[in-house]
Ligand SMILES: Nc1ncnc2c1ncn2[C@@H]1O[C@H](COP(=O)(O)OP(=O)(O)O)[C@@H](O)[C@H]1O
Ligand SMILES: [Mg+2]
């Protein structure tokens, strides 16, 4: 099967790695990365160059195109490729509004009775300000559009909310602002593969967004993940499938925007049950790095079946093991950070059993791997228990080094706390 994978990050390395476990897979990536080059051929076409990607697809004539990041989905890459009759794993532009517009997503949730926080939408800043004068705190302010993880601010009081309005305006994604009720609880990520009709859950996971241990410091693109999350027991998984995932996919189809791809629900598990914080329209990063090693079904076949709307109504085969991904980042990240530092120890880490280092921001200089991004690596290990997986991932992380390397020491620690929400 000839596959064109769009993207270049750690998520795409994990996808390429998993797809190549099928010996029939011939992998092409655009723009790809040094890691993806080791798995196939890479083509220097950016993820936002829709015409370039269409031309590349015409030349390669792949059996399947998988779109990794949100930007090309929201821009309509899937539509352009479907017009050319390609099998595309990824939602249309209209369906990707579930991620691309938080206002669309919230209104959709209400239209279809999906559980979510109460909210109000403002088109006008002075109206938002007078609402913020009288609302209760904490309150959550959200910019409507894609903001690269910088579009949501939890505000403890009115003064913070006024500052947040300015910050959100500066992202350029904040023409419309949502003010949302604050939800207390614990977050999990719940992903499902769908062909627009059949919905197959992937293992649950938990992301770690802040830069420092104990969920302290500024938010990042994600500093680590583990799967499955013990909080998502069978009861909760079933409940989320029946009350959130399936109704969402039915709702999109009923509105004439069938959703094909990965539907990602960001959930707050509250004492009153799971509540939707957001939808994403693609595989999460770094959740994917922790989820894919647990999937025993053939990924290429599964995604092709979804893309061609023939997904069998049969649960995916999932390993009973656990998996942990520890992200190593550059000094300074998520602010201005170091770059171009040589990385050592990758081969030694990759040689450990059940361990793989996914490369997120790595370039090659004179044949040597160097840092080329804020998030550099996702050191990933599986184990019979979550504890084994944690120990292995950290053992591997210790072998890898670059100047100013940073990583959290508490990935998955939450899973070992007694949780009043479970059971
Ligand atoms: N209603 C809410 N109550 C409490 N925390 C929230 C709420 N909405 C969002 N958050 C916090 O903000 C983070 C980012 O919000 P989210 O809606 O996932 O947007 P994005 O991922 O696009 O930045 C969430 O992971 C969660 O920690
Ligand atoms: Mg989120």
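Where a number appears in this text, it was derived from the coordinates with a stated rule and is not lab data. Just so we're clear, the structure is a prediction, and the values are computed from it rather than from any experiment. Here the Cβ positions follow ideal geometry from the backbone for every residue, glycine too, while neighbour counts run over all protein chains shown.
Things worth noting here:
- Zero-based 5 Å bins, Cα pair distances in the stretch 2-90, whole percents: 3, 16, 31, 27, 17, 6, 0
- When the convex hull of its Cα atoms is viewed from all sides, the stretch 229-317 shows a mean projected area of 6.6 nm².
- Added length on full extension, which subtracts the Cα-Cα distance from 0.36 nm per residue, residue 384 to residue 209: 60.5 nm
- Set of the stretch 73-114 residues, backbone N closer than 14 Å to the point 7 Å along the Cα-Cβ line of residue 313: none
- Ordering of 389-396, 155-162 by packing is 389-396, 155-162, highest average first (other Cβ atoms within 10 Å, averaged per residue).
- Mean-position separation - Cα centroids, the stretch 77-125 and the stretch 16-54, in angstrom: 26 Å
- The Cα-based radius of gyration and maximum Cα-Cα distance (Dmax) for the stretch 138-279 are 16.3, 46 Å.
- Under conditions of 25 °C and 0.890 mPa s, the stretch 186-416 yields 134 µm² s⁻¹ as its translational diffusion coefficient, taking Rh as the Kirkwood radius over Cα pairs in the Stokes-Einstein equation.
- Max mean-square fluctuation residue, GNM over the chain, Cα-Cα springs under 10 Å, options 285, 166, 195: 166
- Mean projection area, nm², convex hull over Cα of the stretch 306-368: 8.1 nm²
- Based on DSSP H segments of at least four residues, each scored -39500 (n - 2.57), the chain has a per-residue ellipticity at 222 nm of -8500 deg cm²/dmol.
- Relative contact order [Cα under 8 Å, 6+ residues apart], the chain, whole percent: 16 percent
- Protection proxy ranking of 252-265, 90-103, 171-184 - average other beta-carbon atoms within 10 Å, highest first: 90-103, 252-265, 171-184
- When the Cα gyration tensor is reduced to axis lengths a ≥ b ≥ c, the ratio a/c is 1.5 or higher for the stretch 59-112, and with a/b above b/c it is classed as prolate.
- Extension gain, residue 417 back to residue 131 (0.36 nm per residue minus Cα-Cα distance, nm): 99.2 nm
- Taking 248, 272, 128 in turn, the Gaussian network model of the chain (Cα-Cα springs below 10 Å) assigns the largest fluctuation to 272.
- Considering the stretch 118-181 at the alpha-carbon level, its Rg and Dmax are found to be 10.2, 30 Å.
- Applying D = kT/(6 pi eta Rh) to the chain, where Rh is the Kirkwood radius over alpha-carbon pairs, T corresponds to 10 °C and eta to 1.306 mPa s, the Stokes-Einstein value obtained is 73 µm²/s.
- Largest mean-square fluctuation among 68, 32, 367, in a Gaussian network model of the chain whose springs join Cα atoms under 10 Å apart, belongs to 367.
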